[in-house]
Every structure is written in structure tokens, then in C-alpha cells.
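The values are calculated or read from the model by the stated rules, or taken from the named source; none is laboratory data. It should be emphasised that the depicted structure is a prediction, and the values quoted were computed from it without experimental measurement. Neighbour counts run over all protein chains shown; Cβ positions are idealised from the backbone, glycine included. Please note that ligands, DNA and RNA were not included when accessible areas were found on the heavy atoms of the full protein model with its side chains. Shrake-Rupley method; radii C 1.70, N 1.55, O 1.52, S 1.80 Å.
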Amino acid sequence: MSDEANPFESLQSQIDDAAAYLDIGDDVIERLKHPERVLETNLTIERDDGDLERFEAFRSQFNGDRGPYKGGIRYHPQVSRDEVKALSGWMTYKTAIVDIPLGGGKGGIVIDPDDYSEAELERLTRSFAKELRPLIGEDRDVPAPDVNTGQREMNWIKDTYETLENTTEPGVITGKALDSGGSEGRVEATGRSTVIAAREAFDYLDKDLEGATVAVQGYGNAGWTAAKLIDEMGATVVAASDSSGGIYNADGFDPVAAKEHKNETGSVVGFAGSEAELTNDDVLTLDVDLLIPAALENAIDADLAEAVEADVISEAANGPLTPAADEVLEGKDVFVVPDILANAGGVTVSYFEWVQNRQRFYWDEERVNEELEAIIVDAFDALVETYERHDLENPRTAAYVVAIQRVADAFEEAGSWP
Ligand code: NAD
């Protein structure tokens with residue numbers, strides 16, 4: 001991972017790559033490369049022993065031209081202003097490629113939550129919610145879970161906001177528990193969009209998904225769901241990994257049994273259906289038809305990309321390829337379905353959650369999955385149309401061309417404010 005880039009610079013270079021194919025003025029492109037505003041705040045909370053501690057926190061509202069800002073809140077020691085700005089930009093183009101009426105935002109607190117009690121995390125989350133209160137709201141900015149946050153934190157933010165505003169407004173936040181206004185189908189949504197996008201890519205490339213071999217890096221929420229669903233589509237999952245290592249069986253294994261083994265032991269390693277143990281890098285460089293990176297950003301650098309043998313990559317993770325790896329894979333004709341489309345199932349079902357909250361009418365899982373399927377297929381078709389029209393080398397550039405055009409149109413159609 002020698003060529004890790006500043007994420008905000010990566011975002012801006014992706015926008016520049018796409019801008020070359022767009023008839024949009026440099027002044028508008030300049031606007032689309034920067035957040036509209038970033039809240040930087042310091043939260044001081046009381047520890048359980050009575051001492052006070054200060055935490056840095058951010059919320060970047062990148063672009064609201066297409067609708068309320070939308071994006072998660074992460075708790076991680078490496079959260080930084082530039083990371084949050086970049087992630088909020090990627091959210092802007094993610095909501096645009098799947099054409100849902102939302103903008104892009106992202107937030108975070110610089111903290112390792114493992115070092116804090118539940119009561120301390122609740123005080124911290126409520127303190128952040130108090131700072132966010134003037135900025136958020138179902139028509140303004142709608143946060144969601146991200147790294148190290150989940151339904152628990154979302155319920156605290158919702159409760160703080162509703163108490164201070166003296167209202168009920170479940171759509172102020174998504175990723176809630178079902179009983180608190182969450183949506184059916186949200187947990188599986190990211191893995192589901194990853195495999196729908198992969199299926200569309202196989203179809204486009206005239207490749208058969210039935211019997212195709214698949215390797216999955218990362219066996220958490222996104223990775224394991226993708227493994228289960230691609231197996232149900234007739235593909236053969238031959239390898240998987242998590243932070244402890246990888247497993248392999250040339251004839252394929254049962255993804256559900258591998259997950260049960262991980263639930264019992266904490267890792268896929270040692271699973272009885274595996275015939276060989278692999279390193280994480282081995283899993284990424286196997287000769288398979290489809291590779292699904294579903295762990296962390298920058299998992300594949302340029303060196304590793306040289307060794308990648310998959311024909312298609314569907315990015316469940318955010319930013320699993322460094323920009324240099326992307327270039328190497330482009331030269332090797334690997335078809336990469338970019339993260340902003342492949343993992344957009346998460347934000348799309350968050351959008352459905354917000355719609356249901358506003359209607360106060362809830363859908364069953366079948367309807368959620370049908371609506372998601374239609375949105376991801378339409379987004380893939382728009383990507384391919386642009387990919388072919390501009391004779392592009394990289395599907396990622398095509399996705400950005402589509403997405404940037406949509407955001408720029410919304411900005412320009414709004415006209416100028418005196
Ligand atoms: P998760 O925490 O549930 O799972 C992450 C998995 O990656 C774990 O199994 C972990 O052991 C594994 N892992 C960590 N380091 C690894 C390594 N070096 N090699 C192999 N495996 C490793 O997280 P998740 O929710 O599944 O998210 C995974 C990725 O998908 C992240 O990049 C996230 O931003 C992205 N994503 C998730 C969602 C969602 O709705 N969950 C939505 C959009 C994008």
C-alpha cells in the first residue's frame with residue numbers, strides 16, 4: 001500500500017479525469033470539487049471517572065444541488081478533515097449515479113470507540129447531535145451509520161434531535177433499527193447492489209455468471225451478503241478472507257456455512273469447507289472470474305494490481321483500489337464496476353427508509369429489493385451508455401461523467417442568486 005493518496009486529492013483527480021469528457025465550464029467544475037461547507041467542532045465530554053476529554057469532530061456538506069446532504073458518520077482515530085471532505089464528495093456522486101434526489105455529506109469523530117464505555121459513547125454522540133442540530137433535518141442533511149457506528153448511535157442522534165426540536169422526525173437519520181423507523185432490506189442492501197452490478201457487468205461482457213468463480217475479500221456485512229447472493233445466482237464462491245486470513249476451495253464452498261463458522265470462531269479461517277488457507281493478498285490475486293473487494297480502502301495498490309487475475313471486479317468497499325492500481329487494471333482490461341455504483345445499495349435503501357419515514361408507510365422486503373434492483377440496473381445502463389459513447393477505457397470515469405453531469409445540471413438549472 002505504498003501509493004496511498006490523500007483521499008481529497010484522489011476525489012479531485014477523479015473529477016478532473018471525468019471533466020475532460022464533459023462540456024461543463026471550469027468554473028462549475030471548480031465548484032463541484034469542493035464542499036459547500038465543513039463544520040469543525042470540539043466536543044468535550046465527561047469520562048466515567050469524572051475527567052473531561054476533548055474530541056475533534058467534523059461534518060462536511062459537500063453538495064446539496066440535488067437534495068438534502070446524505071452520508072454517514074464514522075468513529076475512527078484516522079478521521080480527518082480531508083478524509084471527511086473526500087467521503088462527502090464520493091457520496092454526492094454516488095447519489096447522483098443512482099439518481100436518487102439527495103446530495104452528499106459525511107461526518108466523523110476522531111476516536112477509537114473500543115477505548116470508551118457505552119455511557120461515554122452515548123454522551124459523545126448526543127453532544128455531536130447537539131452541534132449538528134442546526135444543520136441536519138429530513139429536508140437539510142440526513143446522516144447515517146458508517147465505520148464503527150450503527151443503529152445504536154443513529155437512535156441516540158434521532159432522540160437528541162427530536163427532543164431538542166420537540167418533534168417526531170424519523171427521517172432526520174437513516175440506518176435506524178426496524179422498530180425505530182428503519183427499513184426492511186437495509187442490512188443486505190450493499191451486498192445486493194454489488195452482485196446486481198456484477199451480474200449486469202457479466203451480461204454486458206457476454207460472460208456467463210452460472211458457474212463463474214468468485215473471490216471475496218472481507219467477510220463482514222457487505223462481503224458475506226455478496227457471497228451468499230452471488231452463490232444464489234449460480235456462481236461458485238471459491239475464496240474468502242477476513243482480517244485473520246483467507247480460505248479456498250477450488251470446487252466452491254457454502255457461503256452461509258462459512259459465515260456460521262465466522263460467527264462461532266471470529267474468522268473464516270479454519271472453516272471445514274476450505275481445502276487450503278490463503279493470505280489476504282493470495283485471495284486478491286486468485287485466477288477467478290469475479291473479485292469482490294469488501295474490506296477497506298486502498299486494499300489493492302499498483303504492485304498487487306499487476307498480480308490481479310480476475311476479469312471483473314465489483315467494488316463493495318469504498319475506494320479499494322488506489323488510483324495507481326486503477327491505472328494498472330485499466331491497462332489489463334479488467335472491468336471494474338466502481339464503488340459509487342456497486343455499493344450504492346446502502347444509500348439507496350437509506351433513501352427508501354427516508355421515503356417511508358416521510359410517508360409514515362412501510363414497505364415489505366420484497367418491494368424494497370425490487371425497487372433497488374430497478375435503480376441499480378438503470379444506473380449500470382447509464383454507465384454503459386456513457387462508456388461506449390465516449391469510448392472510455394475505465395468504467396469509473398464513465399460513472400463520474402454521468403454523475404457530475406447530473407449535479408452540474410441541477411446547479412445550472414437553479415440559476416444564479418443575486
Ligand atoms: P464490516 O466491518 O462488517 O466488515 C469488514 C470485513 O473486512 C471484516 O470481515 C474484516 O475482518 C475484514 N477485513 C478487515 N481488514 C481486512 C484485510 N486486510 N483483508 C481481508 N479482510 C479484512 O464492514 P462492512 O459494512 O461490510 O463494510 C466493508 C466495506 O464496504 C467498507 O469499505 C465500507 O465503507 C463499504 N460499504 C459498506 C456499506 C454498508 O452498508 N455496510 C455501504 C457502502 C460501502
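A few notes on this one:
- Qualifying positions in the stretch 164-189 - touching a residue at least 60 places away in the same chain (Cβ under 8 Å), within 16 Å of the ligand (Cβ to nearest atom) and open to solvent by less than 20 Å² (accessible area, probe 1.4 Å): T174, G175, K176, G182, S183, G185, A189
- Some residue of the stretch 193-202 being more than 16 Å from the ligand (Cβ to nearest atom), open to solvent by 10 Å² or more (accessible area, probe 1.4 Å) and touching a residue at least 60 places away in the same chain (Cβ under 8 Å): yes
- One residue from N369, N343 being more than 25 Å from F62 (Cβ to Cβ), within 16 Å of the ligand (Cβ to nearest atom) and not hydroxyl-bearing (S, T, Y): N369
- Filtering E413, E393 for residues that are open to solvent by 60 Å² or more (accessible area, probe 1.4 Å), under 29 Å from D289 (Cβ atoms) and over 21 Å from the mean Cα position of the chain (by Cα) leaves a single hit, E393.
- Note on the stretch 288-311: residues that are surrounded by fewer than 20 Cβ atoms within 10 Å (Cβ to Cβ), within 15 Å of the ligand (Cβ to nearest atom) and not acidic (D, E) total 3.
- Of the residues screened, L22 is one that is part of a loop (DSSP other than H, G, I, E, B), closer than 28 Å to A398 by Cα and of a type in the set (A, V, I, L, M, F, W, C).
- The stretch 259-273, residues that are without any contact (Cβ under 8 Å) to a residue 40 or more places away in the chain and either within 17 Å of G223 (Cα to Cα) or under 26 Å from the mean Cα position of the chain (by Cα) (or both): E260, H261, N263, G266, S267, V269, F271
- Take the conditions (1) over 25 Å from P143 (Cβ atoms); (2) in contact (Cβ under 8 Å) with a residue 24 or more places away in the chain; G220 misses just one of them, which is (1).
- Check on L135, among the hydrophobic types (A, V, I, L, M, F, W, C), modelled with pLDDT of 95 or more and not in a helix (DSSP H, G or I): yes
- Summed over the stretch 57-87, the residues that are outside any loop (DSSP other than H, G, I, E, B) and farther than 23 Å from G175 by Cβ give a count of 2.
- Only one entry in V368, V355, V349 is out of contact with any Gly (no Cβ under 8 Å at 6 or more places or on another chain), among the β-branched types (V, I, T) and either surrounded by fewer than 24 Cβ atoms within 10 Å (Cβ to Cβ) or part of a helix (DSSP H, G or I) (or both), namely V355.
- Residue in the stretch 274-286 that is nearest to T213 (Cα to Cα), counting only those that are more than 26 Å from the chain's Cα centre (by Cα) and open to solvent by 40 Å² or more (accessible area, probe 1.4 Å): E275
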